[in-house]
Amino acid sequence: MNPKKAFDYENEDDNDNDNTESADDGDSVIEVTRTSTAPKRTARRSPAADEAERQPQRADTQGARTQNAGAQSARAQSPAQNRVRTANRPATNANVRGAGGTRRKKRRRVPRPLGYFGRVMLVIFTAIFIVIFALFAVLKTVATGPSETLRDMLVLSAMQASATKWVPYLFLDSETVDEILASAEVTQTDVISMDSYTRYTVDTSESTGVSYPDDTGSELPGSETDDETGDSSGGTASASSEWDSAIDGMLYTTVSSSTYKAYILIIKDPSRVYVGTSSDFASGQKGARIFDIVAKEGAVAAINGGEFEDTGGQGTGDNPMGLTYSKGSCVWNDGLYRTFIGFDSDNNLVVANSMSKATADSLGIRDGVSFQTGNVLISNDGENVTVYYADANTGTSQRTAIGQRADGAVIMIVTDGRTASSIGATRNDIIDLLVSLGAVTAGMLDGGSSAMMYYEDYFTKYGIDTSYLDSYQLQGLCNVYKAFTTPRRLPTFFLVSPEG
């Protein structure tokens, strides 16, 4: 037997160095051991076997191409069709992978209706709604509750501002509101003889208290009694010492009460006080801010003036309401009769519940404004001083008033309001303050968001710590301005010209 044919090709991989050929020749076996250095030989495969092995590979490749083409076609379809195809696609080894390396199907993300910003805004609006609802419930309880005094105070306070006049009608019927307003207009007059009406000297070094005239003729602070005649001179000697501490010919001080803080300016020479206007009232210009009017006029001090159209608190202060005089001329006359407050040619303060142009001209009015009705606070006829209290007018607000003492000095008062520490002053609060300062004539000016007092560089002149002042006060505003807007545009102001 030929040993080559007995060579075992299958064992060639198991033993590369020593190859054994065996042949069976009857009873004997011939073993041939060879050491070969020839290259390894591989059994030849038939072409049919190779083709049969390639067929599955081609099928897998073709299937992959078909799947990729299908995915691209699905992406080109509408989002709705893609969602349907994804939902209906069976889970196979081609699109699901597990821990063994197969791909997991991605979970479809559910869109959220609100993002982070939306949730924050929802919380804010919910909180605002709760606060408004609670406030409404409280006001409704007060309006229908047992305390008419508290109810009337809230109604009258709301009616002081143009922007909140509608609020009382949310809780009360028109008839009830009108009754409250009518009762607030009823005045109780106190008549005091001029001889016993003694002024109170302002102490510019500290806040002043409130004192009242004494009809018994006893001596009050700031007065001086002649030892020989027993007559009160009204403080001639003390008046001299009073003005020794004046700056710019004026005295500036503040008064703090339990419900308000008042800013007081007393001008020695009444001829320095006049009405400044924002425009000629013919061009339709908007009103001026207090900082603009003092710069335009070169004034050293100012307070707000008379009434103007302010429906819903949206007025622009373009024109005044009621009779208006400035620098000796009538600059506005719309025929409306309002409380008139102004100065005549002799520098006397004139207040009247109404005034026509003819009457004003006959009185020699040089400067004056108008403000609603019933705003005469103090008047005199030369012999008696009449004070017009209104006990039922309990509404609190920011207030502005102007008065004159018997010696001619002009008193300007502005109070804070709408804050936790200063909710505002009532009408009677202002009267008491004016009486304590010795005013023999006085009237109420526009208030609320219009209430402002300006005094140029007052914090430097009076050594006030500026770290406690806000941005408006650092510009010269004395009072704390609390409103929903920047300082209002107004048509008229009472201004103080520089000394000399």
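The values are calculated or read from the model by the stated rules, or taken from the named source; none is laboratory data. Predicted model only: the values in this text are computed from it and were never measured. Glycine gets a Cβ as well: all are built from the backbone with ideal geometry, and neighbour counts include every protein chain shown. Accessible surface areas use protein heavy atoms only, side chains included; no ligands, DNA or RNA. Shrake-Rupley method; radii C 1.70, N 1.55, O 1.52, S 1.80 Å.
Considering segment 335-415, the qualifying strands (runs of 3 or more DSSP E), each wholly inside and each with 2 or more residues that are charged (D, E, K, R), run over 365-370.
Between S183, S162, S157, the distinction of being on the phi < 0 side of the Ramachandran plot, within 29 Å of the chain's Cα centre (by Cα) and modelled with pLDDT of 85 or more belongs to S157 only. Among the numbered conditions (1) assigned to a helix (DSSP H, G or I); (2) without any contact (Cβ under 8 Å) to a residue 60 or more places away in the chain; (3) of a type outside the set (A, V, I, L, M); (4) under 27 Å from E297 (Cα atoms), the only one that S449 does not meet is (2). Evaluating F459 against the criteria (1) in a loop (DSSP other than H, G, I, E, B); (2) closer than 15 Å to Y252 by Cα leaves one unmet condition, (1).
Residue-level check: of (1) farther than 21 Å from N347 by Cα; (2) surrounded by 24 or more Cβ atoms within 10 Å (Cβ to Cβ), P487 misses just (2). Quickly run through segment 334-388 and pick out the residues that are surrounded by fewer than 20 Cβ atoms within 10 Å (Cβ to Cβ), in contact (Cβ under 8 Å) with a residue 12 or more places away in the chain and charged (D, E, K, R). Passing the criteria: D334, D344, D346, K357, D361, E383.
Among the residues making up segment 392-445, those that are open to solvent by 20 Å² or more (accessible area, probe 1.4 Å) and touching a strand residue (DSSP E or B) at 6+ places or on another chain (Cβ under 6 Å) are A406, N428.
For segment 141-194, which positions are outside any helix (DSSP H, G or I) and under 20 Å from D446 (Cβ atoms)? Those that are outside any helix (DSSP H, G or I) and under 20 Å from D446 (Cβ atoms): Q160, A161, K165, W166, V167, E185, T187. Checking each residue in segment 294-330 for being open to solvent by 50 Å² or more (accessible area, probe 1.4 Å) and either aliphatic (A, V, I, L, M) or part of a strand (DSSP E or B) (or both) picks out A295, S329. Please indicate, with yes or no, whether at least one residue in segment 263-274 is in contact with a Pro (Cβ under 9 Å, 6 or more places away or on another chain), part of a loop (DSSP other than H, G, I, E, B) and either in contact (Cβ under 8 Å) with a residue 60 or more places away in the chain or over 18 Å from A401 (Cα atoms) (or both). No: zero hits. Considering only residues that are open to solvent by 60 Å² or more (accessible area, probe 1.4 Å) and in a loop (DSSP other than H, G, I, E, B), look in segment 275-293 and name the one that is modelled with the lowest pLDDT. For segment 275-293, the residue satisfying everything is S283.
Within the set of pairs 6+ apart or on separate chains, which have a first residue in segment 229-258 that is within 18 Å of P498 (Cα to Cα), a second that is at pLDDT below 90, and C-beta atoms under 6 Å apart? Hits for this filter: S245/T204; L251/V202; L251/T204.
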